[in-house]
1. For C:G114, which of the numbered conditions (1) within 25 Å of A:D728 (Cα to Cα); (2) within 14 Å of chain B (Cβ to nearest Cβ) fails to hold?
2. When the range C:32-54 is examined, which residues are found to be away from chain A (no Cβ under 11 Å) and open to solvent by 10 Å² or more (accessible area, probe 1.4 Å)?
3. From the list C:E58, C:E96, which one is of a type in the set (D, E, K, R), more than 24 Å from B:R126 (Cβ to Cβ), surrounded by fewer than 23 Cβ atoms within 10 Å (Cβ to Cβ) and not assigned by TED's automatic domain parsing to the domain that holds C:A271?
4. Scan the range A:747-759 and tell me whether some residue there is over 30 Å from A:K570 (Cβ atoms), touching a residue at least 40 places away in the same chain (Cβ under 8 Å), away from every other protein chain (no Cβ under 11 Å) and surrounded by 24 or more Cβ atoms within 10 Å (Cβ to Cβ).
5. Hey, could you check the range A:704-746 for residues that are polar (S, T, N, Q) and not in a loop (DSSP other than H, G, I, E, B) and say which is farthest from the other protein chains (Cβ to nearest Cβ)?
6. So which residues in the range A:730-746 are closer than 16 Å to A:V665 by Cβ and open to solvent by less than 10 Å² (accessible area, probe 1.4 Å), if there are any at all?
7. Go through the range C:9-84 and tell me which strands (runs of 3 or more DSSP E), entirely inside it, have 2 or more residues that are more than 18 Å from C:G114 (Cβ to Cβ).
8. What's the total number of residues in the range A:190-204 that are surrounded by 19 or more Cβ atoms within 10 Å (Cβ to Cβ) and of a type in the set (S, T, N, Q)?
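The values are calculated or read from the model by the stated rules, or taken from the named source; none is laboratory data. Keep in mind it's a predicted model, so treat the numbers as computed, not measured. Cβ placement follows ideal geometry from the backbone for every residue including glycine, while neighbour counts extend to all protein chains displayed. Side chains are part of the model used for accessible areas, which takes the heavy atoms of the whole protein and leaves out ligands, DNA and RNA. Shrake-Rupley method; radii C 1.70, N 1.55, O 1.52, S 1.80 Å.
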Amino acid sequence: MTAVEDRTGTPAPEKEIGKARRRKEDARLITGRTTWTDNTVLPGMLHLAVVRSPVAHARITNVDVSAAREAPGVVAVYTGQDFAEEQGSLPCAWPVTPDMVNPGHPSIAVDQVNHVGEAVAIIVARSKTAAQDAVELTDIDYELLPVVLDMEQAVQDGADLVHDQLESNTSYHFVFDAGEMGTGGDTEQAFSGADVVVSRRFVQQRLIPAFMEPRSVVVQPQGDNYTMWSSTQVPHILRVMAAMVTGIPEHKLRVIAPDVGGGFGGKLQVNPEEILCLLIARRLGKPVKWTETRSESLMTAHHGRDQVQFVDIAADREGHVKGLRVRLLADMGAYLRLITPGVPALGAFMYPGIYKFPAYRFECDGVFTNKVPTDAYRGAGRPEATFAIERIMDELAVELGMDPMELRRKNWIDAAEFPFTTVAGLAYDSGDYETATQQALELLGYDELRAEQQQRRESNDPVQLGIGISTFTEMCGLAPSRVLGSLSFGAGGWESASIRMLPTGKVEVVTGSTPHGQGHETAWSQLVADSLGVPFEDVEVLHGDTAISPRGLDTYGSRSLVVGGSAVVKAADKVIAKARKIAAHLLEASEDDLDFSGGTFSVRGTPGAGISIQEIALAIFAAHDYPEGIEPSIDAEATFDPENFSFPHGTHLCAMEVDTDTGFVKIRKYACVDDIGTIVNPLIVEGQIHGGLAQGIAQALYEEAIYDADGNLTTGTFVDYLVPSAADLPHFDTGNTVHTAPGNPIGAKGVGEAGCIASTPAVVNAALDAVRHLGVSDIRMPLTPERVWRAIHQGGDGGDRAAAGSNAYGGAQTETTAGVSTDASSLGGDR
Amino acid sequence: MTPITVRVDDASYTDDVEPRTLLVHYLREQLGKVGTVVGCDTSNCGACTVHLDGEAVKSCTVLAIQADGCEVTTIEGLARGAELHPVQKAFHEMHGLQCGYCTPGMIMASIDLLKDNPDPSDDEVREGIEGNLCRCTGYQNIVRAVRSAAAEMRGGSDGTGDGSVPPASVSPAVVDTAAAPHVAAQS
Amino acid sequence: MIPAPFAYARPTTVDEALQALAAGGEDVKVMAGGQSLIPVMRLRLAAPETVVDLSKVEGLRGVRDDGDAIVIGAMTTHSDVLSDPLIAEHAPLIAEATGTVADRQVRHRGTFGGALVHADPAGDLPAVALALDAEFVVVGPSGQRTVPASEFFVDYLTTAVGEGELLVEVRVPKLAGEWGMRYEKFNRVAQAWSIVAVAAVVRRENGRIAEARIGLTNMGPTPLRARAVEEALAGAEATPDAVGAAAARAAEGTEPSSDLNAQADYRQHLATVLTRRAVSAAAGL
């Protein structure tokens, strides 16, 4: 082998980090050569259909599935009684307080249902069609119980109870008080001495993650082993939890997340159907598949947000903030799922935003209602916090008669003050709010739009213009394991990676951070290409299968690059360190005399002597000639546990037109400048920002899960749950500043949630800025035309929407459960 | 059961179907054309879009039996060997996808749009794909991709081409190179 | 979701279709483009025993000139409508409204006649047909009859097409004189149904509005004519003030529903605003 050859004159390869590489993932996705879970077909595979409760709160008095059992193609029908002894409880990994009440969460209801859509029976059949047909043959009797839907009523004394074995509907009371924690002054004192106090009640409506790929699970039993394919964000967490719930030993369970079509927190879950598939596959010894319909998904996959926020801010007359007080009611839904209680608690630390508050107190009640549980949705706690602070800063500016940007400038952390420990005890790592803001103002064309706004006001134009500001930060890179421990979270926040150097010089990178659309395969390849000096094309990234990637904590909380990418870089460092010993041996030089650059070890002062790391991979595979006392391998594994969060920040500006005649709002222009630290792939970064903006804007303008008075989800299809299309969203003008994060070797801060967290208050502030002179001080989200019109012409915040679904398709909202038919309408034709 | 004969991606199939079998389920489950996916049950999301006799339709809202005697093109039938369709190539080049679940439908709808309007504006693209939901991209790079493909299919970015350009002779492995023109690399 | 099982008939002539309807029993549904029917069958909100698919019936698709009217076949797709020169010349309002129906995939399959017989109060074409004084040609076992638009829409999702009957074509009278038209649709997202919409057809003569016909979408269980507005506009000056005063009466006699998109009073308000805008545009103001 040619271990030594002349290397002089080889140009240093271009750095991969910072390059807008097109994604490796695309090749299969643009040609339809994909591996979605629902594509899986196994010999003898049976199909499941779930019979779901059509009522929100009831005792199950009788279950008759005899007719379904006799239906053609049906193999088995199970009810809650069949699994009562073995199903255990779905896990909740985040007991946010020691006395948090968790009523337990059966995967299938045994004697009581607590939300519409809860599983009450399962059909197992030879085809999906047969399973679905048999759903209609089941007959279940319910004794109705009072339905608890409104949190503010649910916490009153004497309120009807969701779980009548509990004393109240409150699961927990979580408090963070900066005065008590020693990170700030006394809040009550700050408020009692303040010149100005502004108090507001904001409503974070209930949202649905609405990933495009419906959830799907396949379980194959093989002896006492089980393989589960699931459309999940978290195969590693799912494996641990499913083993604990079902008693299947963890080493007998393999979980695979193949191509996964989006998650946004919605697939950060241990789903009832995942557990039920395992239990049924175990009982029948046959492979089973469950794939949900969209209506099932909207009705039963966990929801997000749903909080009522009471926010008080104190300041002096000059606009210096003196204190912040936040009290939340957070809707848990009927049960606690994986991190249901932790979502609002995660936000607790972000309410002070980028501002230097001397005093801060946060309190949150987690409240049970007869709705589907809430849990993580893009941002998880931080969008709520950002909305509250950015909205109340505008309200304070109005109260003070001050420009909203001037108020922010007066109070934000200056660039020179980093690192800065906030009143919530977080050490913000780096940033420059002023520079980002200046760039954003230029991108928007702020001065021209302000001039036009003035003109429209003076001419009493029916279409008014407003500009909204959101200067935000967030905590990302979840998470330092010790901090999670201090918050009683049930797991750590580290991430794992390993690198395998193959004999031909190709590189396999195994990551524990499981992607579902982000582009890890591309970005991780860039990291490794730079670290090891190998071609981008020579790197393959493996993930999403617990047999291939045994250790990991998966993808959520803008953590993948920051934590998972750092683990990859650390593993690469170890590969180089191991290879250095081999190189020294083969080059007959001292390790200390070796330079490693562009993938090649060379001997300092000896031109022409060198060996590439890819050549070392072959040499150590042959293992004919290597130093005594070391193992013949340069493969390496690393686990990275961050010591701090990272703190992306940015300035988002929205210009909004409001038609005062109809209440219709239209984004005229949207500009934002985000600082997410080092940018590994600008193409992916830009895409993440765009997608986040779309979801944040959708919260402000379009999306809301609505339940009627009986607890039926009336936004049960995409007809009424409005995910915006291309025609409903504006062009985004985006930019970046770069202040690298000091807490990880890449310098990245995280980008997955930034757009979603920052945009919502910018949009609402813009609409309010357009009509504030008409006496409007708040409009509830989403800003439906009706709400905007009512706020302008009738006062208030636009109020509740009617709960009835629209009459599209003849009123085809699915308040019925999957497969339960209602009276056929008199349809004669089509649209 | 009723026998149907359908030509899908240049191959003919004869099968028995129930009248209620949706075209998308026939494609996925009987033909194994799993590149086409189902995203909703109300024909809102467009993920299942295929071409039926040359026109984009939502295959979840067409009965398989209605495709009897018809020609169906799915995402799997667009490329000619290693040669991607210009719209496929542009989605890759412009990062017009993330999770990729909406992508087959989005690409099929975009091709249909460009057939009617070979040089759409941003707004025309946005309206043209109003029947396809994407949860990942915020659509901006999809709009770029469609316009970029339109320029290529017209025979250049100047809009003066005759539209008779053959499919782009570029494979995914080959296009994984330089920085995208609209994104400034970090210096 | 998968529809419940049904028997399927695919006639090739109108006679065969009528026979299939007669043979299909009580619970038979006609399928035109299927773009509303198939979704509700998938959701199992409808589960007909028999579906009679009209897609292969000859002679129902296309637009022809019939002297004083254009005649639109019931199975003419929305896409056909959008590219049809006769519609563009004589009834551009139909094309304008059709362009707002759902999305291009749905418009490739969905049909003009199907949308009218479906009679969804939030559908766009019924109010347009009403404003254009269209006539509906219906055939049945006892022969053919013509129903004026004013009598066609009977109730929520219900038309004058009786059991065993089919809509075969729609006659749209050509308009003589200086007519302007406008469809003003209000919805929250692009592919959605109308929250409220207004179809306005206005004839101007010597600077005045000689005649106006206003159709309202989703202001009650059926599409409605805004008669009070029409009366106020007849002979009125073509000025913004006159149009505004007339449009203020758009909600008279309406009984719109309340749902999550809009409550009734807001719909009534929208009707006045959209009527003002539609009439102004149709009148060239």
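1. Among (1) within 25 Å of A:D728 (Cα to Cα); (2) within 14 Å of chain B (Cβ to nearest Cβ), the lone unmet condition for C:G114 is (1).
2. Scanning the range C:32-54 gives a single hit, C:T50.
3. C:E58
4. Taking every residue of the range A:747-759 in turn, at least one turns out to be over 30 Å from A:K570 (Cβ atoms), touching a residue at least 40 places away in the same chain (Cβ under 8 Å), away from every other protein chain (no Cβ under 11 Å) and surrounded by 24 or more Cβ atoms within 10 Å (Cβ to Cβ).
5. The selected residue is A:T737.
6. Selection gives nothing.
7. Values: elements: C:28-31, C:50-53, C:63-65, C:69-73.
Those strands (runs of 3 or more DSSP E) span C:63-65, C:69-73.
8. 1
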